[in-house]
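What follows is calculated from the coordinates using simple rules that are stated; it is not laboratory data. Please read all numbers here as calculations on a predicted model, not as lab measurements. Using ideal geometry, Cβ is built from the backbone for each residue, glycine included, and neighbour counts are taken over all protein chains shown.
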Amino acid sequence: MGNDNVLSIIHEARVQFLKYMGFDEMNMAGVGLIMSDAAIEFKNELFYGDDLKVSVTCGEFSKVGFDIFYKLEKKQGENHQLIAVAKTGMICYNYQQKKIVSVPADAKMKLSG
């Protein structure tokens, strides 16, 4: 599986995680999100058809952003093999005003809990 596929997988994981938390990238407690950076550290191979588990958590909050951390593991029976760890930096943005804004307090509390 190509490196670009892993980036697509973490993008989908982010969208599903935000939806689970009651948000989306255009409306996270009233603000939008922009991905400012991404980093992926590959640990093992992944092949098309492998059973994949993706874990997501948030941290490293600043006034205007936060990081989302991902762990990708391949299921092998009852065991899991680490495939990759990744991080995306997210910035809060008001699309109407076209400016960076603060992380909403209620979103920060929900995402860091």
Can you tell me the alpha carbon radius of gyration of region 33-73 divided by the globular rule-of-thumb value 2.2 N^0.38 Å?
1.46
Helix 3-20: angle to the longest alpha-carbon principal axis of the chain, degrees 0 to 90, nearest 10?
50
Could you calculate the contour length gain from Leu52 to Gln97, that is, 0.36 nm times the residue separation minus the distance between their Cα atoms, to one decimal place in nm?
12.3 nm
Check Val101: other-chain or 5+ apart residues with amide H under 5 Å from its amide H, H built from backbone geometry?
Cys92, Tyr93, Asn94
Sequence-distant residues sharing a close amide H with Ala29 (under 5 Å, placed H):
Asp24
Multiply the residue separation of Asn27 and Lys63 by 0.36 nm, subtract the distance between their alpha-carbon atoms, and state the gained length in nm to one decimal.
11.2 nm
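Looking at region 22-113, which trypsin sites (Lys or Arg not before Pro) are in a loop (DSSP not H, G, I, E or B) and have at most 11 other Cβ atoms within 10 Å? If you can, show how the numbers build up before the last one.
Numbers: sites: Lys43, Lys53, Lys63, Lys71, Lys74, Lys75, Lys87, Lys98, Lys99, Lys108, Lys110; in loops: Lys43, Lys63, Lys98.
Of the trypsin sites (Lys or Arg not before Pro), the ones in loops of region 22-113 whose Cβ has at most 11 other Cβ atoms within 10 Å are Lys63, Lys98.
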Residue-by-residue Karplus 3J(HN,Hα) for region 40-50, coefficients 6.51, -1.76, 1.60, Hz, glycine and proline x:
10, 10, 7, 10, 8, 6, 9, 10, 3, x, 5
Just subtract the alpha-carbon distance of Lys87 and Met109 from 0.36 nm times their residue separation and send over the number in nm, one decimal.
6.0 nm
Computed over region 1-112, the distribution of all Cα-Cα distances in 10 Å bins, rounded to whole %, is 14, 44, 28, 13, 2, 0
